[in-house]
Amino acid sequence: MNILIIGAGGREHALAWKMAQSHQSGDIYIAPGNPGTAEFGTNVPIPIDDFKSLKALAIEKNIELIVVGPEEPLVKGIYDYFSNDPATASINVIGPSAKAAQLEGSKAFSKHFMQRHQIPTAGYAEFTLENYEAGLTYISSQPLPIVLKADGLAAGKGVIIAMTHQEALTSFKEMLQDKQFGEASSKVVIEQFLEGIEVSVFALTDGHHYQIIGHAKDYKRIGEGDTGLNTGGMGCVSPVPFMDALFMQKVESNIIAPTIKGIQEEGLVYKGFVFFGLMNCGGEPYVIEYNCRLGDPETEVILPRLQTDLVSLLAATDNGTLEDVNIEFHEATFATVMAVSGGYPGSYQKNLPITGIALAAALPEIHVFQAGTGFQENTIVTKGGRVLTVTSSAATLNSAVIHVQKALSMIQFEGMYFRKDIGYEFL
Ligand code: AMP
Ligand code: GLY
């Protein structure tokens, strides 16, 4: 079958790589893609939110399966846009309806949902300009640290962990009165701080059944030892040593099963990935957030670790056989490390030539997944903050990380930076 992947990051490069391995895949198109995805299909320069052009492409190329990488088109209703038109209704779009995507698109919606279905999460309250004064009083009465979240999508910047009440009050004012994140911060969720280790668990659902397709630990801070500013993700490991059978069983019975049951009971149309951002609080899993897509760079370890054919797996969400699919994982441990532009997550230079990708990618057990890259006169250059990620597998996490670093030492661009301590707390 012909496939369209929407997005342009390392996640979409990994999706294209994995789907190209399936005997079921026909032509693969990526919109807009990057030089990495171009190795596995045809890049089409259509922006991720240009639904009209994406639909025209899907019809012209006889697309039967669409995988939506990023959250933005999902929250804007790409699923509904395709399913409401008889010309494209039969296409299997992997991603929830706009309504169900509110699980990621609105923190308040997802908190209400978890409350309705008794899913463990941090205690919270929500405020708008209408009950602003009550918010100030509430903040002052809460223990520290205290977590403030813009309700809507804020490009990963909408969460503030305040260490003092003054800081929390200032952020509260900036979000609500100064409209720091525009419409996204017209409502603010204030949450109890959860102490623990984070882990991301991924499921695929058809709205009734689910399969767990992997998990990973993401390292979000720019600096080694988890210091400095938050980023989109600097590296991942999978599997995670504390994800033993007992913990996994708690995740499944306290969180995943009730979430899917809730989706079903509420009649939410959801055919796609569910990303459970969890906190392991002393052996008990709590939900920090839902995302309605795969993570980046989590995908760059999840998909290499997944042995099951991804195209057949995705097709099973459409033909009622998801329950019967056999999910298999490679035995090895996987690590991925992101190389970023100097200055990221602040400002950085673009269009710097990158060398050594092919050399590194030729090493055994190494995958180079491109993220913020582009072509300039047939040379691969930097185009974003997170430039590329290198994944390796090995019998131990230690060896996987050493392999990755060896491969990264062969890749160069001016200002290149990566964390050398991914997986450190498990080594
Ligand atoms: P998000 O932008 O929603 O991914 O949140 C950013 C990060 O904030 C998460 O990955 C957590 O590290 C942290 N965070 C969010 N909510 C909480 C919470 N209730 N307790 C502790 N940390 C949190
Ligand atoms: N790596 C975190 C995310 O994709 O949201």
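The values are calculated or read from the model by the stated rules, or taken from the named source; none is laboratory data. Everything quoted here is computed from the prediction, not taken from an experiment. Note that each Cβ is placed from the backbone with ideal geometry, even for glycine, and that neighbours are counted across all protein chains shown.
Flag: residue 250 matches the condition of being part of a helix (DSSP H, G or I), touching a residue at least 12 places away in the same chain (Cβ under 8 Å), among the charged types (D, E, K, R) and more than 16 Å from ligand 1 (Cβ to nearest atom).
Can you tell me which residue is farthest from residue 297 (Cα to Cα) among those in the range 182-217 that are in a strand (DSSP E or B) and among the polar types (S, T, N, Q)? Among those that are in a strand (DSSP E or B) and among the polar types (S, T, N, Q), it is 192. Of the set (1) under 29 Å from residue 261 (Cα atoms); (2) surrounded by 15 or more Cβ atoms within 10 Å (Cβ to Cβ); (3) modelled with pLDDT under 95, all apply to residue 197 but (2). Quick one: in the range 218-247, which of the residues that are over 24 Å from residue 156 (Cα atoms) and not in a loop (DSSP other than H, G, I, E, B) is farthest from ligand 1 (Cβ to nearest atom)? Residue satisfying both the conditions and the ranking: 245. Counting just the residues of the range 256-283 that are part of a strand (DSSP E or B) and aliphatic (A, V, I, L, M), which one comes out farthest from ligand 1 (Cβ to nearest atom)? Restricting to residues being part of a strand (DSSP E or B) and aliphatic (A, V, I, L, M), the top hit is 274.
Is it the case, given these coordinates, that residue 295 is assigned to a loop (DSSP other than H, G, I, E, B) and within 16 Å of ligand 1 (Cβ to nearest atom)? Answer is yes for this residue. Would you check if there is a residue in the range 110-117 being surrounded by 15 or more Cβ atoms within 10 Å (Cβ to Cβ), out of contact with any Leu (no Cβ under 8 Å at 6 or more places or on another chain), at pLDDT 95 or above and not basic (Lys, Arg)? Checked against the condition, which is being surrounded by 15 or more Cβ atoms within 10 Å (Cβ to Cβ), out of contact with any Leu (no Cβ under 8 Å at 6 or more places or on another chain), at pLDDT 95 or above and not basic (Lys, Arg), the range 110-117 yields at least one hit. In the condition set (1) of a type outside the set (Val, Ile, Thr); (2) within 22 Å of residue 389 (Cβ to Cβ); (3) part of a helix (DSSP H, G or I), residue 101 is compliant with all but (2). One residue stands out in the range 361-408 among those that are of a type in the set (S, T, N, Q) and surrounded by 17 or more Cβ atoms within 10 Å (Cβ to Cβ): the one that is nearest to residue 333 (Cα to Cα), namely 393. Beta carbons closer than 7 Å, at least 6 apart along the sequence or on distinct chains, never pair a first residue in the range 1-28 that is on the phi < 0 side of the Ramachandran plot with a second that is modelled with pLDDT under 95. Of all residues in the range 31-68, those that are part of a loop (DSSP other than H, G, I, E, B) and among the hydrophobic types (A, V, I, L, M, F, W, C) total 4.
Quick one: in the range 1-30, of everything that is touching a Pro at 6+ places or on another chain (Cβ under 8 Å) and not in a helix (DSSP H, G or I), which residue is farthest from residue 91 (Cα to Cα)? Checked the range 1-30; the qualifying residue farthest from residue 91 (Cα to Cα) is 9. Of 419, 386, all but one fail to be within 23 Å of residue 38 (Cβ to Cβ) and among the charged types (D, E, K, R); the exception is 386.
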